[in-house]
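Colleague: Encoded as C-alpha cells, here's the structure I'll be asking about.
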Amino acid sequence: MQTHFTLAQLADPDIAESNKILRACVHCGFCTATCPTYVLLGDELDSPRGRIYLIKDMLENERPATADVVKHVDRCLSCLACMTTCPSGVHYMHLVDHARAHVEKTYRRPLPDRLLRGLLATLLPNPALFRGALFLGWLARPLAPVFGALGLGPVAAMLRLSRRPRRSQLGAARVFAPEGPRRGRVALLSGCANDVLDPAINAATVRILTRHGIEVVIPQGEGCCGSLVHHMGREDEAHARARANVDAWTAEIEGGGLDAIVINASGCGTTVKDYGFMLRTDGAYAAKAARVSGLARDICEYLATLPLAEPARKGLVVAYHAACSLQHGQRIVRQPKDLLSKMGFTVKDVPEGHLCCGSAGTYNIVHADIALRLRDRKIARIEQLAPDVIAAGNIGCMTQIATGTAIPVVHPVELLDWATGGPKPAGLGEADRKNSGRDAAAGERQTSGLAVLQ
C-alpha cells in the first residue's frame, strides 16, 4: 500500500511503525474470509482491509477520529485471525492498537459510552473491586433479560456474564516449593479477573508445576497485565501496568532467577509477550521489557518442555477451543492439543476454529449483540462434536462459552493437572463416567494442598 506520510510525521516512532505496516498490505483481501465481523456483517469497513484504509486516512491526514471511524475500529475484536491469514505479514495488531490510542486522544465518546468504559477500566483490573461487582451482578443476574428488553445491552451482558466470585485457592503464599529436587523456577502471572472468575486455574497451574519439580513464585507487585485498558486505547494506563509488572519480574530475575514467566490466560500472554514493543521507546524500561517478553510462556507452551508424569486418566472427549489470542496472537496451536492427547484425552478440533467466540476482553459487554451471535455460532460448532468437556486456554473464552452451553468448560491445565495426579476439575460432573471405576481410588488420594515455602 502506498503511503504519503511526511518526514515530520515519520519522526514519530508510532507513525513510523504504522507506516511500515501499511506499506506491507497488498490489498489482497484474504483477511476478509477469516474476520469474524466481516463474516457476520458483510461490510468491507468491518474487515481488516477496510479498517486499514480508514486508519491510514486518519493517521496520514492527522485527522481526529470521526464517529464512523470509531464505530468500525471499535467493532474489531483484535482476534488477529487476519494476521494468521495474511500472506504479506501485515502486523495488524500494532496498527489497530495505534488507531485505538489515536481514537482515545482525539474523539470524545458519548457520555454513556465513556461511563461504561471507565467503569470497566476501573473494575476489571482490580480484583477486590471486581469481586464485589461480580457478586452484585450474580445476585441481579435474573434481571438480565429485562435490561436486554429495555435496550440496555451492556448491562444485560454484564449480568449474564456474572457468576458467584470465588476465593483464591493460593491464599497469601508467594512462593510454592517443588516436590522433590528443583528442576526450574518460574514466575506465575496470577492476573486480575482470572483469579476472581476461576481460581482453580491458578491452583492447577501451581500443582502441576510443583509436582514436576518447578518452583513457582508470584512476585510482590505483579498484577493486571494491562491488556484490558490497552485494547480500549488507554495507552498511559496500559504502560503503567506493564512497567509495574516489568519491575516485579525483573526483581525476581535478578534475585532468585527465572526460567520463564508462566501465563495461563492467553489474552494476558499475548500482551506480556508484546511488552518489549509497547515500551520500546522508554529508555528506562525498553531493555527490561524486552527481557520480560522473551521469558513469557503460555502454560501449555512451558509444560510441553517438561517430561510429564504418566497419565492416570483417559477416555474423555475434549473439544479444544483455540483461543484467538493463543492461536493467532501467540501462534501456539499444537502444544495444548498434543499435551491433552498425550495424557489420554480424545481431542477434537472445533469446526471454524479460527473464528472468535466473541469474548475479546470487554467486547462481549461493549458489543454484546455481535458477541452473542459469535458465541452462539461457536457453541453450535462445539455441540456438533458431542464432547464430554470443552477446554479453552483463556478465562474470557471460558466465561463467554459457559453462558450458552451445559457442557462443562475448563482450562487445559486443569485436565493436565488431573491426568498427572491432581484432583478432578470441579464442574465435570458425570463427564468422566467411563473412567469412574478405574480412577476412583486415585482420585480419593488427591487433595488440593500446595507446598508453600513462604
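Since every read-out is calculated from the coordinates, none of them should be taken as a lab result. Computed from a prediction, not measured in an experiment: that's the story for all the values here. Here the Cβ positions follow ideal geometry from the backbone for every residue, glycine too, while neighbour counts run over all protein chains shown.
Colleague: Counting other Cβ atoms within 10 Å, which GluC sites (Glu not before Pro) in the range 1-109 have at most 16 and lie in a DSSP loop?
Modeller: Those that pass, being in a loop and sparsely packed, are E62.
Colleague: State the extension gain, in nm to one decimal, for the chain segment bounded by T346 and Q9, taking 0.36 nm per residue of separation less the distance between their alpha-carbons.
Modeller: Contour length minus Cα-Cα distance gives 115.9 nm.
Colleague: Based only on other Cβ atoms within 10 Å, what is the fewest-to-most ordering of M158, M232?
Modeller: Final ranking by Cβ density, sparse to dense: M232, M158.
Colleague: Can you tell me the 0 to 90 degree angle between the C-alpha axis of helix 92-106 and the longest principal axis of the chain, rounded to 10?
Modeller: 60 degrees
Colleague: Using DSSP to define loop residues, name the trypsin sites (Lys or Arg not before Pro) in the range 137-190 whose beta-carbon has at most 10 other beta-carbon atoms within 10 Å.
Modeller: R167
Colleague: Projected onto the charge dipole of the chain (+1 at Lys/Arg Cβ, -1 at Asp/Glu Cβ, origin at the Cα centre), which of W418, S47, G358 gives the Cα projection farthest towards the positive end?
Modeller: Final value for the positive-end residue is W418.
Colleague: So if each residue of separation counts as 0.36 nm, and I subtract the Cα-Cα distance between R291 and R108, what length gain in nm does that give?
Modeller: Gain on stretching R291 to R108: 62.2 nm.
Colleague: Give, rounded to the nearest 20 debye, the magnitude of the charge dipole that the range 317-445 has about its Cα centre when Lys and Arg contribute +1 at Cβ and Asp and Glu contribute -1 at Cβ.
Modeller: Here the range 317-445 has a charge dipole of around 240 debye.
Colleague: Let me ask something additional. How much length is gained if the chain between L41 and R331 is pulled fully straight, taking 0.36 nm per residue apart and subtracting their Cα-Cα distance, in nm to one decimal?
Modeller: 101.8 nm
Colleague: Taking volume of the Cα convex hull per residue in Å³ straight from the coordinates, which label in [x] 148; [y] 136; [z] 162 is the correct one?
Modeller: For volume of the Cα convex hull per residue in Å³, the calculated option is [y].
Colleague: Which ordering of Y38, Y275 is given by a fewest-first count of other beta-carbon atoms within 10 Å?
Modeller: So the ranking, lowest neighbour count to highest, is Y38, Y275.
Colleague: Okay, moving on. Set the Förster radius R0 to 60 Å, insert the Cβ-Cβ distance between E254 and L150 as r into 1/(1 + (r/R0)^6), and round the FRET efficiency to 0.05.
Modeller: The calculated FRET efficiency here is 0.65.
Colleague: If you rank H230, H411, H98 by fewest surrounding Cβ atoms within 10 Å, what's the result?
Modeller: H98, H230, H411
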